[in-house]
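Here's the structure we're looking at; comments come further down.
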């Protein structure tokens, strides 16, 4: 009953309704921008919005195939044959590219796939496109997956990454778990969600704003003396306030996830949920499908939220005004927005990747790892452990802080 009372106390505040309405609207708008801004080109011109999305999905219908070495080799040969005809080639003074029907009928519908294939053969710091495929020697076959594994190995052995032997072995073993041949297909909606996760920081902040007065609001209203002198004021009521805050945070988080993902998946469809991440970037070592990747990162962001609720409650118990709580939370959540990592190793970078804002970004292709003696863990695992631990530590400290509050 106490939990229900405290939950309704949070929920029935006019400020809660306003903050959540604004936050949900902002989340839906930010995640919906790619739908409104979407455009694709064909020979007739530009196709925008949902019409453009439908057009692209139609183009992908013929590309839902396993990327076997034989299929990749034949695809490369088709492009090479197109480049053999001088009438198909344009030149911008720097590189050659296909023009006219050769481009629009053969390359444009699957340019993303062709670029994916070309980049599998590129050096780690080099970005290639379909116009580099004529330079490949595939007389003895495409050896696509051999090239994939070779690129991962080159990335791991790059001196600038400064990876230990244990870290190289960790990532190498993970990459070996990727099932081949890769199944290719359309994954537009999932790609947008994965690339937009950091926008959920605004939702986390909105939830913290609502939670901020849970303890400090009692100080402002002068009800702290009554509460702390009551029979269960220092025991069950504190537990109820904490549980209600977590319950509200969880419910609000679920609503924000729906507001973020639903418009994207309605517009772009759920196609590709079971496809491997490697069809977006062959150097990604995580053996996940797009759906698995999204769910795992949502789980990590949820743990970040729980830790931020714990911190908010702790500050709320220590400070007499919710505004002071927010003054501390704003830099914690948003200063990392203006900090850019200069690599994937070193104390500065590894710390930055664990701060709340960066923890919302999955960084699937960056090989970010943390080593503790002989134990190596990837960034996703460390974030989950760190924020889970912080939640367990801070929630009891928040209750203790309120319990020991001296009534003035």
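The values are calculated or read from the model by the stated rules, or taken from the named source; none is laboratory data. This one's a predicted model, so the numbers in the text were calculated from it and none came from an experiment. Virtual Cβ from ideal backbone geometry, glycine too; neighbours counted across all protein chains shown.
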> Can you name every residue in the range 29-54 that is buried (at least 16 other Cβ atoms within 10 Å of the Cβ) and part of a helix (DSSP H, G or I)?
Replying inline: 30, 31, 32, 34, 35, 52, 53
> Which residue out of 310, 272 is surrounded by 23 or more Cβ atoms within 10 Å (Cβ to Cβ), on the phi > 0 side of the Ramachandran plot and either out of contact with any strand residue (DSSP E or B) (no Cβ under 6 Å at 6 or more places or on another chain) or outside the structural domain of residue 195 (by TED's automatic domain parsing) (or both)?
Replying inline: 272
>> Need the failing condition index for residue 58 against (1) within 19 Å of residue 119 (Cα to Cα); (2) part of a helix (DSSP H, G or I), just the number.
In response: (1)
> Do we find that residue 289 is more than 22 Å from residue 26 (Cα to Cα) and either at pLDDT 95 or above or surrounded by 23 or more Cβ atoms within 10 Å (Cβ to Cβ) (or both) in this structure?
Replying inline: yes
> Would you pick out the residues in the range 79-89 that are in a helix (DSSP H, G or I) and surrounded by 14 or more Cβ atoms within 10 Å (Cβ to Cβ)?
Replying inline: 79, 80, 82, 83, 88
>> Being crowded, with 17+ Cβ neighbours inside 10 Å, at pLDDT 95 or above, over 14 Å from the mean Cα position of the chain (by Cα) and in the same structural domain as residue 398 (by TED's automatic domain parsing) is true for just one of 207, 227, 258, 211. Which residue is that?
In response: 207
>> So, residue 61, is that one exposed (fewer than 15 other Cβ atoms within 10 Å of the Cβ), under 29 Å from residue 143 (Cα atoms) and either modelled with pLDDT under 90 or within 24 Å of the chain's Cα centre (by Cα) (or both) or not?
In response: yes
>> Residues that are in contact with a helix residue (DSSP H, G or I) (Cβ under 8 Å, 6 or more places away or on another chain), in contact (Cβ under 8 Å) with a residue 40 or more places away in the chain, within 19 Å of residue 275 (Cα to Cα) and surrounded by fewer than 19 Cβ atoms within 10 Å (Cβ to Cβ): does the range 69-77 have at least one?
In response: yes
> Of the residues 314, 265, 326, which single one is assigned to a helix (DSSP H, G or I) and under 18 Å from the mean Cα position of the chain (by Cα)?
Replying inline: 265
>> Cβ contacts < 6 Å: first residue under 16 Å from residue 287 (Cβ atoms), restricted to the range 362-373; second residue at pLDDT 95 or above and surrounded by fewer than 18 Cβ atoms within 10 Å (Cβ to Cβ), any location; separation 6+ or different chain. Result?
In response: none
> Is there a residue in the range 401-408 that is without any contact (Cβ under 8 Å) to a residue 40 or more places away in the chain, out of contact with any strand residue (DSSP E or B) (no Cβ under 7 Å at 6 or more places or on another chain) and part of a helix (DSSP H, G or I)?
Replying inline: no
